[in-house]
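The structure under discussion appears below in the form of structure tokens.
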Amino acid sequence: MNALFAVILLAIIVVTFGALLLVVSGMLGPKRQPSPVKDMPYESGLPGQETKDTKVSVKFYLTAILFIIFDIEIVFMYPWAVTYLDSVKAGTGGYLLGAMGIFIALFVIGLIWEIKSKALEWD
Amino acid sequence: MGVDAFEIVINVVKLLVIFLMMIQAVPILVWVERRGSAFIQNRFGPNRVGPLGLLQLLADAVKFLFKEEFLPRKAVRFLYYAAPVMALVPGALALAAIPLGPPIEVSAFELFGQRWGPYVFKLQGYDIGVGIVFILGVSSLGAYGLLMAGWGSASKYSLLGALRASAQMISYELALGLSLVGILLVYGTFNFYEIIAQQQGPLSFSWFGREVVGPWWLPNWGVFYNPVGMILFAASTFAEANRLPFDLPEAEGELVAGFHTEYGGFKMLMFYIGEYGHMIVASSLLAIFYFGGYGIPGLPVEVLEAKIAAGTSLGPTGVSVLTSVVSHLALLVKLGLFLWIFIWVRWTLPRFRYDQLMDLGWKSMLPWALANVVVTAVWLLLANSK
Amino acid sequence: MLELADYTFYFLALVTLVGGIAVITAQNPIYSALWLALTMVSVAGVFVSLDAWFVAGVQLIVYAGAVMVLFVMVIMLFDLRRETNAFSRGMVSGFLKLASAGIFLGLIGGSIYNSAETVFAPPPAELEKTADATKALANTLFTKYIFSFEVIGVLLLVIAIGAVTLSRVQGGTHAKHD
Amino acid sequence: MGSTGHHNHESSPVDLIGANLSFLGLAALLLGGIGYGLRNADATAATFAILLLAPLFGFLFNGLRFRSKNARLSGSVATLAAFASFLCSISLAMKVGAAHGAVSTKFFDWMTIGDLNVAAGFTVDKISALMILVVTGVGTLIHLFSIGYMSHDDRPSKYFAYLNLFLFNMLLLILGDNLLVMFVGWEGVGLCSYLLIGFWFSDSEKAAAGMKAFITNRIGDAGFLLGIFTLFFIFGTVNFAEINQRALDIGAESGWGGPMTLACLFLFIGATGKSAQIPLYVWLPDAMAGPTPVSALIHAATMVTAGVYMIVRLNPLFLAAPNALHVVAVVGAVTAVTAASIGLTQWDIKKVLAYSTVSQLGYMFLACGVGAFGAAMFHLMTHAFFKALMFLGSGSVIHAMNGEQDIRKMGGLKKALPITHGTFLLGWLAIIGMPPFAGFFSKDEILWLSFHSPLGHWGLWLLGVFGAALTAFYMTRLMALTFWGGSRVPNGVHPHESPPSMTVPLIVLGALSVVGGWIGVPHAIGHALHVPHFLEHWFQGAILGIPGLKPASTALEIALMGVSVSIAGLSSVAAFVFYVRRTELPGKVAAKFRGFYDLVHNKYFVDEFYFGKIIDPLVEASRNLWAYVDVSFIDRGTYAVADMVRGVGSVAKTVQNGNMQQYALYVVLGVAATIFLILR
Amino acid sequence: MPNTIDTILKVSLNHYLVLSAVLFTLGVLGVLLRKNVIVILMSIELMLNAVNVTFIAFSRYSGNIDGQVMVFFVMTIAAAEAAVGLALAVLIFRRFKEINIRYFEHLRG
């Protein structure tokens, strides 16, 4: 059987199962009895203060950007890593190491810059 | 192509069984966790319902089912409900790609007056050639469940918890991905079966063109080639699964319960299933990459099969099934060990501060993983040069 | 006879297109982003149906796992809710834009149709699957495209520095402080 | 690596990580190159790549962290990069030696325009092998020296970035297998020279010196470009090997108007700019505004010799244009004497050395001019050793004197700076031509050939000997005023010996100043000692012999040698008497020949002449042109056009309204139109 | 003739190309019509994905691996573009409290 089909099938099974569980527990449980206090988001028992201005640090977003960039660099290492042993045995390992060496050197420069520029400091 | 009804049925059943395995593993793990934590903290833990409290979970599940439905004010209904379902998907999809034992070879047989087979069934949901990449890709979808839950609940704590969780996940995904590069360098393949096959037999590697072979009882495991990678991998899987000492997103003291603050009943249980699924996948990967997968030290699969064939009077199909089952048990033992370590660590270590957590991921583990890659590559180059 | 693979493709194509339409019509940017994530995943499926397993995995890791998470995070960061008028104003220009997109699609469709005879050839022998294909990919990447590869390294370095610098402009560390 | 001792900057852990990782990167680079070489036969390409890329890597490394104040880290990386290049140079030189010819590689096709096909090709022959050895070897030492010298500076990282960039460009200049690649390097070193002269640009005088160097060089560069054009016009190629082959095929041309003569003269103009010859030498003394190691590297050992190198590289071409060679010889000889005479009267330690450099470069051109290209290269090499040594020594002195450069405020530094003095002494002996120091052999070969070569003349020899005498005099004067006699050091300055990172290069260069000449022992002496003329053997095949050179009479050669050595010796004894024994004498002599002294002291008023007669009239003329032609005629025309354009623009600007979605729409429509056109 | 329909429905290169063309056009529409810069960036990602499908399809049907390498590069560039684009969007948001493409008109010199 086609592996792709199997993946899709499993995904459908899982989602159906989850949805089913939700429905079943919704049907089995007692009826919803909403009240303003119950529906308030939980804030450790204090009266809710849902202001629109939740201050969220830009750091999260910065982390995500840096993650993307380094993630791609790592992804580039996968094909390299897979083919490396073959190349070493074929005698071209040094070339591959050099090619990746430059890339890794750039990676390292970037990482050092990020660390020095305090982009990765959380206070 | 010889795809027939029998094969299709078996394959679908395989998928279902693996998914259900993941789901039913959760109550057991929760029980182990509660009893284990009690043991560590010198108390009793659940011990009333059933022998050793084993039925406690059944009772819990029933209770979960009968909880009142709850939707916070201003919550985004669709996201709120979709998040727990989404949390199930990555774990299940990843688990199904993991080989749980050697393939079973079924020789041809007669049934319903028709000739069937021969078949080869792999003990996994589906065999994907680039298994490692697939699992990495699928588990990177895990962030969506968190973010949807955090956003959908329309609660401060949930949102902060979700953002923290996803920032943490992605930070450690770098170290995780890089530590895998070491393994890829050593084995030169993405395929789990090939990785496991290379770990059969005694320790043997080439050193400047000379073949070095260890004693028969010392297995050819990845951990001996890439110990730093193993440690980094294990540590980042802790972070990926949001387990202590990396459980900042759900830090009870500060964020109540993080992204699933507003969830109760079965929906929360689904998040737990996702989390334990993650742990199971991580433990299996640890076993496959560094501890020989389903292989038994000192007893390669072929030898095992030959011994079973000699020691029993089963036909070839039976021998194959028995081999697979024994090998699978070996994997289960390893899995159990790693899962216990997960639990053990949780109840032993204190939690990191958030800045320490990020510093560890970016400034310590990432450089170490990078160094691991470089050292491994240079070592391979030197060891294989003539 | 249609095979399982064909049905799989149609399913994936359907999901892809529905996702794509939803991306550009959803009024709430966060739904757009989530739909786009779905589209990315099903495009990964399309890659798999073309035997490009590795690239599909990379698509999941990079696009679905990283880029879209960034999008979702930014939207959450800014607390962007439902937009009352999500589309640009102007009836005339709107019509013009729709029409030009239609013309564009028509022309591409026409060119595909025109080349039907030449391209409608049966697929050649399958590329060697999975790991070997990845190795072939790596060999091409590190020999023929080695220069581009290193340039990409430089580009990523520049982006890493640039993005951080951009986020520093005006010096604030919190989004809503100024 | 030499330690900078007490000048320790705070180095953060990040910096240390950076240091280690960058070493790792360099190591990976080297490993990669070596691996590449092992893999296939094209080890040459890999060596070339590392040779060129290592300094570029250093430039990027330091350039990207240009705000860093960590001189030790920046310097170490830069030095390591230079050293990596040096190792590659050795490897390449050995290859050249083994192959008895050129070793070359081509990275990619740079441009193909019509008949012009230029490749990014590099080649090492015996000439450039010597040159890269000198450049990277001396370069490494000077990088090392700079670590100590720049340890107190504000922007050491920037400095080392420039230095590495210079090295990269210099290697391009040397290795390029065609004139255009050489020109890229030629311009690049000019840029780096400008940047480094004006390194302390907050001092407007120093910034001006940088600009002066740049502009003067541009005049020469224009000549160089014209030369390239002419050559391409004649031969249809810019490749060195092809040009030389064609020149050989055509043979010598007589007269002044021949195309090859013209090309050679143009190229020589370029050389006078870069190598500071009359009439474009004025920038070099001012260039001493830069940090002293820069003066040593760029303005003594390497860049300024580019002109000589270029002529040697094209020696078959120049031999085919004998008239051009005569010009080269005369300009060289006159420059040698003029610059030396100015050197007599300077008080700034670096200015003295600068004029000395101009004068020595004059000798090299003199050698080229009489066809003795091998001798020119020989002198280039020995000069690189001893002049770099003396500049670094002066740097050490200036460092010790807290930045003081006036030799009137020095004296008696022998005690405080023993190592500096000892090594400087070796340099002094080398430059005044005392046997058996390096300078003797190379200078003597030039003088002998300028007398003996059919292209030479006894007048040139006479000028050369006179120059040598002046050289001996002013160098002895410099030694005497700086190191010997009584101390005139102002109160509050306490000279101290420099740290090892500065003295080690001095010692190495000192040793080279002694033995560097032994590879070119003249036949007249070598025959008796059974020492062959290594360098001549080395250059065989790469440099053509002097056409029509008659066998020499050994007696005559030794006699001339004796004359020049004894004149130089006498001259230095005189200087010693003047400045150590009877210190009142110089003043008296200067008073007696007041007019002449003022003329020389003011450098023959050349700068004033340039300003008064060339620059100012040019500015005046431009102003007139602007006032009458520009304003009344050209401007009106352009305004009319501009108004028209504005009219059209006011209509068209509604299209370009900043609405990006509309722009996107235009793009879509454009693409659609393109597809339509293709489909049609 | 069911056979003909089967031939048309049988998945071939053209099916992939049509899928890609439609996806690309959707991206174009998003860029042209939406106001929100972030959604526009997403539409651009949509277009890039469409192009990637084309690359992979041609690579598969011509048996040439180069297309996959190109997709690799495209993904890299796309991610880089998203990173910088979102950084710009963040700046716009901080200034105007809304992410409308029209605010980029203020960038006019």
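Only the coordinates and a few stated rules stand behind these numbers; no lab work does. What you see is a predicted model, and the numbers here were worked out from it, not measured in a lab. Using ideal geometry, Cβ is built from the backbone for each residue, glycine included, and neighbour counts are taken over all protein chains shown.
R0 = 35 Å: FRET efficiency of residue D:326 with residue D:406, Cβ-based, nearest 0.05? For R0 = 35 Å, the calculated efficiency reads 0.30.
Between the helical axis of D:71-99 and the longest alpha-carbon principal axis of chain D there is an angle of about 80 degrees.
Among C:6, B:4, sorting on how many other beta-carbon atoms sit within 10 Å of each Cβ, with the fewest leading, yields B:4, C:6. For chain D, the share of DSSP beta bridges that are antiparallel, to the nearest 5, is 90%.
The tail of the calculated P(r) for the stretch E:2-107 beyond 21 Å holds 49 percent of all Cα-Cα pairs. Tell me the relative contact order for the stretch B:82-191 as a rounded percent, counting alpha carbon contacts under 8 Å between residues six or more apart. Taking the mean separation of contacting Cα pairs over the length of the stretch B:82-191, I get 27 percent.
The string of couplings for the stretch B:66-83 from the Karplus curve (6.51, -1.76, 1.60, θ = phi - 60°) is 9, 6, 6, 5, 9, 9, x, 4, 6, 5, 8, 3, 4, 5, 4, 7, 6, 4 Hz, one whole number per residue in order, with x for Gly and Pro. Along the charge dipole of chain D, which of D:637, D:233, D:285 sits closest to the positive end, that is, farthest toward it, with unit charges on the beta carbon of Lys, Arg, Asp and Glu (+1, +1, -1, -1)? The residue sitting farthest along the positive end of the dipole is D:285. For residue D:524, the shell of other residues with beta-carbons less than 12 Å away shows a net charge of -3, using +1 for Lys and Arg and -1 for Asp and Glu. Within 10 Å of the Cβ of each residue in D:53-63, the mean number of Cβ atoms contributed by other protein chains is 1. Distance from the C-alpha centroid of the stretch D:287-354 to that of the stretch B:328-357: 74 Å, rounded to the whole angstrom.
Of B:67/B:156; D:126/D:274; A:59/D:158; D:351/D:387; D:350/D:387; A:89/C:135, which pairs sit farther than 19 Å apart, going by alpha carbon to alpha carbon? Distance filter (> 19 Å) returns B:67/B:156; D:126/D:274; A:59/D:158. Using only alpha-carbon positions in the stretch D:170-319, the gyration tensor eigenvalues give semi-axes of 31, 14, 12 Å once each is multiplied by 5 and square-rooted (largest first).
Decide, for chain D, between rounded, prolate and oblate: order the square roots of the alpha carbon gyration tensor eigenvalues as a ≥ b ≥ c, take rounded if a/c falls under 1.5, and otherwise choose prolate if a/b is larger than b/c, else oblate. It comes out rounded by the Cα gyration axes. Rounded to the nearest Hz, the phi-derived 3J(HN,Hα) couplings of the stretch C:48-62 under the Karplus curve 6.51 cos²θ - 1.76 cosθ + 1.60 (θ = phi - 60°) are 4, 5, 9, 6, 9, 5, 5, 4, 4, x, 5, 4, 5, 5, 7, where x marks glycine and proline.
Helix D:635-652 and the longest principal axis of the C-alpha atoms of chain D enclose an angle of approximately 40°.
Inter-label distance, residue D:204 to residue C:148: 5.3 nm, where each label sits 7 Å from its Cα along the C-beta direction.
Using only side-chain charges placed at the Cβ, +1 for Lys and Arg and -1 for Asp and Glu, the dipole size of chain D relative to its Cα centre rounds to 1000 debye.
The length gained on full extension between residue B:340 and residue B:52, counted as 0.36 nm times the residue separation minus their Cα-Cα distance, comes to 101.9 nm.
Each of the peptides B:88-95, C:23-30, B:32-39 was scored by the mean count of other Cβ atoms within 10 Å over its residues; in descending order, highest first, they stand as B:88-95, C:23-30, B:32-39.
Sparsely packed loop sites in the stretch D:336-440 (the chymotrypsin sites (Phe, Trp or Tyr not before Pro) outside DSSP H, G, I, E and B with at most 16 other Cβ atoms within 10 Å) comprise D:347.
Peptide C:91-101 has a mean shielding of 5, counted as Cβ atoms of other protein chains within 10 Å of each residue's Cβ. If you look at the Cα atoms of the stretch B:5-383, you get an Rg and a Dmax of 22.4, 70 Å. Once C-alpha pairs closer than 8 Å and six or more residues apart are averaged by separation and normalised to the residue number of chain B, the relative contact order reads 22 percent. The convex hull around the C-alpha trace of the protein assembly as shown, projected and averaged over every direction, spans 70.8 square nanometres.
From the largest down, the stretch B:1-87 spans 60, 42, 23 angstrom on the principal axes of its Cα atoms.
The Rg/Rh ratio of the stretch D:505-631, with both radii computed over alpha carbons and Rh defined as the Kirkwood radius, is 1.21. For the stretch D:605-679, the fraction of C-alpha pairs more than 17 angstrom apart is 72%. Only Lys, Arg, Asp and Glu carry charge here, each on its Cβ (+1 for the first two, -1 for the last two); on that basis the protein assembly as shown has a dipole of about 2780 debye about its Cα centre. Bridges between two residues of the protein assembly as shown, per DSSP, are antiparallel at a rate of about 95%. Using the average count of surrounding beta-carbon atoms within 10 Å as a protection proxy, the listed peptides B:189-202, C:39-52, D:489-502 rank, highest first, as C:39-52, B:189-202, D:489-502. Using the alpha-carbon atoms, what tilt in degrees (0 to 90, nearest 10) does helix D:156-175 show relative to the longest principal axis of chain D? So the helix axis and the longest Cα principal axis differ by about 90 degrees. Across peptide B:42-55, the average count of Cβ atoms from other chains found within 10 Å of a residue's Cβ is 0.
Counting only Cβ charges, +1 for Lys and Arg and -1 for Asp and Glu, the dipole size of chain B around its Cα centre is about 780 debye. For the stretch D:622-671, trypsin sites (Lys or Arg not before Pro) are listed when DSSP marks them as loop and at most 15 other Cβ atoms sit within 10 Å of their Cβ; the list is D:653. Taking a ≥ b ≥ c as the square roots of the eigenvalues of the Cα gyration tensor, an a/c ratio of 1.5 or more together with a/b no larger than b/c marks the stretch C:1-82 as oblate. Here the Kirkwood formula, the inverse mean of 1/r across different C-alpha pairs, assigns the stretch B:58-130 a hydrodynamic radius of 17.0 Å.
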